[in-house]
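Here is the structure we will look at.
The values are calculated or read from the model by the stated rules, or taken from the named source; none is laboratory data. Since we're looking at a predicted model, the values are computed, not measured. Cβ placement follows ideal geometry from the backbone for every residue including glycine, while neighbour counts extend to all protein chains displayed. Protein only, heavy atoms only, side chains kept; ligands, DNA and RNA dropped before computing areas. Shrake-Rupley method; radii C 1.70, N 1.55, O 1.52, S 1.80 Å.
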Amino acid sequence: MEHPLAAQDALMWITHRPDLVFTSGQGSWITDHQGKRYLDFVQGWAVNCLGHGHPAIVAALTAQAGQLINPSPAFYNAPSLQLARGLTARSCFDRVFFASTGAEANEGAIKLARKWGQKHKGGAHEIITFADGFHGRTLATMSASGKPGWDTLFAPQVPGFPKAQLNDLDSVAALITDQTVAIMLEPVQGEAGVVPASVEFLQLLRQITDDRGLLLIVDEVQTGMGRTGKLFAHEHAGITPDIMTLGKGIGGGVPLSALLARESVCCFEAGDQGGTYNGNPLMTAVGCAVLDVLTAPGFLEEVTAKGEYLAAGLQALSERQGLGGERGSGLLRALLLPDERGPALVEAARQRAPQGLLLNAPRPHLLRFMPALTVSREEIDQMLAWLEELLAA
Ligand SMILES: *Cc1c(COP(=O)(O)O)cnc(C)c1O
């Protein structure tokens, strides 16, 4: 039989990948082509909120695949209606537009805010975003992102995204002009290394946007769908944003994202927004199954409890090993390292034998943890024990 990696060069090179092919997964464990098992604390980048191979997702996919895959986004379909109802009923938003990726949902949010600015604010179109923020890899969402170096990569940028500093209201206020239409942020900056916006800062942003007649947009692509212990992270601050985007966890591993908005903001006209796969029943059926699991009695309380358990374990490990502490919200956490050994630790964890461990270092001086929301305390203990071995080595 041909080696599974023989076709490696047929893929366009975009990043370094280790020489292994993952072939199956169950819960918090994933298996490669040689049968080696890995404890997965990456989960497709916080995507597989129910872990690998969750029966509710498999059942939804299988049933829907046999029923109807795509009638075209120009027609209604039952799962997208059901999921839209489920999301609006559990949030402060009134309407939903479904897309396939987080970047696409954020593009929609940017377009909606600009359209609203054209209609209601004399063409104001600037959206204040934040240094180190991450909103996706399309041209507009890269421009909205504050990732160092991205301002010149693929220049010229899409204009209209002045950058403020997270948790610094003065830096936001200084950027507001008559061209400003919205402020957009992640409640917890994920790619920046799990940096939370404070409750007070989120409340002040709601206040300043209300006072100045601006929209508040929360990018909950990483923090939404139970990741922080609430269904949506902005609930921790008790605020009602105007627009929210969801991705990653909403599909539990399949390509699904959503743009949600309050009624007063929904101003798209026919032809303004669309897309071939938007709201297709195969993906939205999975979204319904995911939402059912997340909102079952006690599920989010368990996420909170396990988040506290992971936090306490990381903190204790940090103290024993003389590291820089931990931070985060729910089951999105980071361990701060005293030096830039993050990538080496990720590598050593994956190569660990006989069983490996999948971790992620979005910045070299920290590790990020985004396990399945269904992770067990035993699996958290196992990860901590292996990580401590690796740190000691
Ligand atoms: C991952 C992510 C995105 C981009 O989502 P894609 O599905 O990769 O396009 C946008 N915003 C945040 C906060 C993210 O974490």
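Quick look at the values:
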quantity	calculated
Accessible solvent surface per residue of the stretch 56-294, calculated while the other protein chains remain in place, 1.4 angstrom probe, Å²	40 Å²
Relative contact order of the stretch 276-393, defined on C-alpha pairs under 8 angstrom at six or more residues apart (%)	22 percent
Packing-based ranking, highest mean first, of 306-313, 2-9 given that Cβ atoms within 10 Å are counted	306-313, 2-9
Tilt relative to the chain, helix 55-67 - C-alpha long axis, 0 to 90 degrees, to 10	60 degrees
The stretch 56-294: relative contact order in percent, alpha carbon pairs under 8 Å with at least 6 residues between	31 percent
C-alpha long axis of helix 102-120 to longest principal axis of the chain, angle in °	10 degrees
Nearest 10 degrees, 0 to 90: helix 78-89 Cα axis against the chain principal axis	80 degrees
For the stretch 167-322, Kirkwood radius (reciprocal of mean inverse C-alpha pair distance, Å)	17.6 Å
Segments 238-244, 266-272 sorted - mean Cβ within 10 Å per residue, highest first	238-244, 266-272
Cα principal axis extents for the stretch 56-294, largest first, Å	55, 37, 35
23 Å Cα-Cα threshold exceeded, pairs from Lys115/Lys248; Lys163/Lys248; Lys119/Lys230; Lys121/Lys163; Lys111/Lys147; Lys111/Lys230	Lys115/Lys248; Lys163/Lys248; Lys119/Lys230; Lys111/Lys230
Tensor-based shape of the stretch 324-388 (alpha-carbon gyration tensor, a/c under 1.5 rounded, otherwise prolate or oblate)	oblate
Whichever aspartates and glutamates have a C-alpha closer than 18 Å to that of Lys306, once near sequence neighbours (fewer than 8 apart) are set aside	Asp40, Glu326, Glu378, Glu379, Asp381
Most mobile listed residue (Phe75, Phe130, Phe93) in the chain, GNM with C-alpha springs under 10 Å	Phe75
Alpha carbon Rg of the stretch 79-197, scaled by the compact-globule rule 2.2 N^0.38 Å	1.12
Accessible-area composition of the chain, carbon plus sulfur, in percent [1.4 Å probe]	54 percent
Per residue Cα convex hull volume in Å³ - calculated over the stretch 1-96	203 Å³
